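*Asks:* Here it is: the structure, laid out below.
The values are calculated or read from the model by the stated rules, or taken from the named source; none is laboratory data. Given the structure is predicted, the values throughout are model-derived calculations rather than measurements.
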Amino acid sequence: MQIAGSSKKEISLSINLVYIVNLFVCLGHFKRFKNQTMENKETQLSAQESLRVIRETIDIAKNGFREDGFHFLLWGWLVAIASFADWYLWTVARHPDHAKAWMIMAVVGVPVSMIREWRLSKKVKNQNVVRDWYGFVWLGFGISMLLIIPSAVMKNVSPVPFILAITGMATFMSGILLRFTALIIGAAVIWAGCLWCMFLPVEHHLLVQGFTAVLGYLVPGYLLNHQARKHVPGA
């Protein structure tokens, strides 16, 4: 699966931008976890504390710690819009600067995510086991993207299938932690998109990425948001 030199660089810059800004959000989770850990210091758990942690973990898992799907909706819309716009400008309009469609990620995604995480850090004071695990899943996702994308581009292959594979993993783990079936199904859709890319021309990988963002991010995101508003436990 070979990519022309200029197009390869544009795809690389575009997709790297997507996951670099996502890394900012993941680092916000890490910062909250670090601050909470420093406050707790290094003390051994008593039997009562151990039971409290177990009970908290079970309760939070059942209720999805009221995850409202904000980031799934934000990045789902941004990735879908940018992917479809980039595809149209590249394959239909033949615009030389088609990759600039991804600037929406920096102009909208970064400030909105940073403000959201800043406000959330002010509200959330208590340590939450599942929330910490959830944050670390996406932190690992962001770091993996920063390693995978340059490696794929250096080998002159499309990074999109690799991106979708790792995205599916992170979404699947989120579904497991939140006990939310829609996210697990969304992960399966994203993985299916990864396989589909293997049989398509490189320029159509953007279409697949856009559709998987809709089905793998937006649909579960709206369901999460509905659940949070209704405070309905489970998926």
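*Asks:* Quick one: G216 ticks every box in (1) within 15 Å of the chain's Cα centre (by Cα); (2) modelled with pLDDT under 95 bar one, so which box is it?
*Replies:* (2)
*Asks:* Restricting the search to the range 64-113, which residues are at positive phi and within 15 Å of the chain's Cα centre (by Cα)?
*Replies:* Of everything in the range 64-113, just one residue is at positive phi and within 15 Å of the chain's Cα centre (by Cα), namely G69.
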